[in-house]
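Contents: one structure, followed by commentary.
Here, each number is a calculation from the coordinates, and none is a lab measurement. What you see is a predicted model, and the numbers here were worked out from it, not measured in a lab. Here Cβ is always computed from backbone atoms with ideal geometry, including for glycine, and neighbour counts include all displayed protein chains.
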């Protein structure tokens, strides 16, 4: 079992502590699901829904965009993706850090503050990551001017200089913590 898959299981337990049902995870990590054809379809989906990728359209909209694309991604991949909330480490620096304790606090008083630092992406039960908003958010956050790509679509072990750290799983967490009001207007 990969370290990322173990983190997914821990994040699922956090979701249950928040009063959510958690997500259905297989006993062990599945074989890779992303193919070149599926990754091209995911890039096309992003352009179809939001136009040509631009930081102004995608940056800091991780909750809404990943929530909105859940069903479309499932149709492309053939497996339900896992809505994942957590943070990232990039070249030794943490970005958008959120902890289990902060989420528990939010669940006790679910009035989401839009300034709360966190990140959301989609995980697959194969420990592959689909992140439509990281490149744009990173450009805006760091004023980075180099080539960065449209989306992250890789197995966690293929990421270089960066890692994802899931803290909670499933769309139900959005409701339990008050984030649904920002994400989907609920």
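At R0 = 22 Å, how high is the FRET efficiency between residue 48 and residue 140 if r is their beta carbon distance? Nearest 0.05 is fine.
E between residue 48 and residue 140, to the nearest 0.05, is 0.45.
Pick from 142, 153, 84: which is most flexible by mean-square fluctuation in a GNM of the chain where alpha carbon atoms under 10 Å apart are linked?
Among 142, 153, 84, the largest GNM mean-square fluctuation belongs to 142.
For the range 54-111, calculate the relative contact order in percent as a whole number, restricting contacts to Cα pairs under 8 Å that are 6 or more residues apart. Walk me through the intermediate numbers first.
Details: 25 pairs, mean separation 9.5, N = 58.
Dividing the mean separation by the residue count of the range 54-111 yields 16 percent.
In percent, what relative contact order does the range 49-168 have, based on Cα pairs under 8 Å that are 6 or more apart in sequence? Working shown, then result.
Numbers: 186 pairs, mean separation 41.8, N = 120.
It comes to 35 percent, rounded to a whole number.
Could I get the Rg over Rh figure for the range 1-117? Both from C-alpha atoms, Rh via Kirkwood, rounded to two places.
Numbers: Rg = 15.9 Å, Rh = 16.5 Å.
Ratio value, two decimals: 0.97.
When the chain is modelled as a GNM with alpha-carbon springs shorter than 10 Å, which of 31, 43, 20 fluctuates the most?
Residue with maximal mean-square fluctuation among 31, 43, 20: 31.
How do 172, 94 line up, fewest other C-beta atoms within 10 Å first? Before the final figure, lay out each step's value.
Working: 172 18, 94 11.
In order of increasing Cβ crowding within 10 Å: 94, 172.
For a quick check, take a GNM of the chain with Cα springs below 10 Å and name the residue from 163, 109, 127 with the largest mean-square fluctuation.
109
Can you compute the helix-only [θ] at 222 nm over the chain? Use -39500 (n - 2.57) per DSSP H run of at least 4 residues, normalise by all residues, nearest 500 deg cm²/dmol.
Working: 9 runs with 76 residues, N = 186.
Computed mean residue ellipticity for the chain: -11000 deg cm²/dmol.
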